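Take a look at the structure below.
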Amino acid sequence: MSLPQQSLPRLPMTVIGGYLGAGKTTLLNRLLREDHGQRIMVMVNDFGAINIDADLIASADGDTITLTNGCVCCTMGADLFMAMGDALDRRPRPDHLVIEASGIADPARIATAARAEPEMAYGGIAVVVDAQHWLGLADDPQIGAQIRGQVAVADLLLLSKTEKGLPDSLQTRLSALSAAPQIDLPTCPAVAPLLLGGIAPMEGRHTHPAHPAYLGWSHDGDTVMDREALAAKLAAAPHALYRIKGLVRAPQGDGWEVQVVGRSVEIKPAIATVTRTRLVAIGPQAMITKAAVEAWWSGD
């Protein structure tokens, strides 16, 4: 860790949490588009690759992406304190560090590191809640405790996918777990003031939620599919694969971007040409095996 620099202000660190597919990366892309005037360093701790919108990227070097607004995005290694040290050692030092936690991570454990580092300031935990799927996930016997635990440690709750309306009991259930403010993301005019303006901490309740073991799967190959075949393949995916994302080659030489959350499947044209099919997926280990996932993907 770098030596204290008395002339430099403490670096605020905000953690963005939320379960798989809740909309964390969408939130980050929105933040990076806004005219906030700050040098932000974004670290992503996810089971897949960084997914920053292509028109925000100025240059890329290894695991670090320089963005058009002067911000930097990179993958976070296994050692959180080493990653924090990298942020503190940069010159000029960022104005704010934002960490996107993996969907299966405990955001409170990451945020605790900011409290322990003298050169950093606790910037709060913002948890993204998928309004369409959260209630079902919270009652799931395998992952429910983890889903509820992520909300319980939040300082701010950001409700995503509310365009179709809010389920009747959602806000009541969330309020029972956390006194954190609940913000409707689709109607919120700007997210930078929420994430960078100093989130008021909900003191005295940062316990660490239990969670099951997860199985991760990835594919990197030459598979080519048209949209109809890809839709059929994803519709037949094992139910325990809660999250699938990646890029798939298309016969015409372009490709598809794939986003699967539970039974919700989104296939759209990829922004750039796809030269290889690369997918990642994840699900509770007690409900799925790698052999079953391979059989699904390689089967006709």
Just how far, in whole angstrom, is the range 242-295 from the range 58-123 if you go by their alpha carbon centroids? 27 Å
Once the dipole of the chain is set up with Lys and Arg at +1 and Asp and Glu at -1 on Cβ about the Cα centre, which of 298, 116, 283 lies farthest towards its positive end? 116
Give me a comma-separated list of calculated 3J(HN,Hα) values for the range 121-133, in order, Karplus coefficients 6.51, -1.76, 1.60 applied at θ = phi - 60°, integers in Hz, x for any Gly or Pro. 10, 5, x, x, 10, 10, 10, 8, 10, 6, 4, 7, 10
If you average 1/r over every pair of different alpha-carbon atoms in the range 171-300 and take one over that average, what Kirkwood value in Å do you get? 17.7 Å
Using Cα-Cα distances under 8 Å and only pairs 6 or more residues apart, what relative contact order does the chain have, in percent? 18 percent
What residues have an amide H closer than 5 Å to that of residue 214, excluding those fewer than 5 places away on the same chain, when H is modeled at 1.01 Å from N in the peptide plane? 285
Given pairs 24/245; 164/245; 24/290; 245/290 and cut-off 18 Å on Cα-Cα distance, the over-length ones are 164/245; 24/290
For residue 288, what charge total do you get from the other residues with a beta carbon under 13 Å from its beta carbon, if Lys and Arg give +1 and Asp and Glu give -1? +1
Taking GluC sites (Glu not before Pro) as candidate sites, keep only those in a DSSP loop with at most 13 other Cβ atoms within 10 Å, then name the longest stretch of the chain containing none of them. 1-162
With the 8 Å Cα cutoff and a minimum separation of six or more residues, the range 107-222 has a relative contact order in percent of 31 percent
Can you pull the percent of the chain's accessible area that's carbon plus sulfur, 1.4 Å probe, other chains left in place? 53 percent
When every protein chain stays in place and a 1.4 Å probe is rolled, 95, 106, 89 sorted by accessible area with the largest first are 89, 95, 106
Under 5 Å from the placed amide H of residue 120, counting only residues 5+ away or on other chains, we find 11
Long-range HN-HN contacts of residue 71 with modeled amide H, under 5 Å: 40
Accessible surface of residue 169 - all protein chains present, 1.4 Å probe, nearest 10 Å²: 60 Å²
With a sphere of radius 10 Å drawn around the Cβ of residue 71, what net charge do the other residues whose Cβ falls strictly inside it have (Lys, Arg +1; Asp, Glu -1)? 0
Using a probe radius of 1.4 Å on heavy atoms only, what accessible surface per residue do you get for the chain? Whole Å² is fine. 46 Å²
Per residue of the range 247-254, what does 6.51 cos²θ - 1.76 cosθ + 1.60 with θ = phi - 60° give for ³J(HN,Hα)? Whole Hz please, x for Gly and Pro, Karplus curve as stated. 10, 10, 5, 10, x, 7, x, 9
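The values are calculated or read from the model by the stated rules, or taken from the named source; none is laboratory data. Being a predicted model, the structure only gives us computed values, none of them experimental. Cβ: placed from backbone, ideal geometry, glycine included. Neighbour counts: every protein chain shown. Protein only, heavy atoms only, side chains kept; ligands, DNA and RNA dropped before computing areas. Shrake-Rupley method; radii C 1.70, N 1.55, O 1.52, S 1.80 Å.
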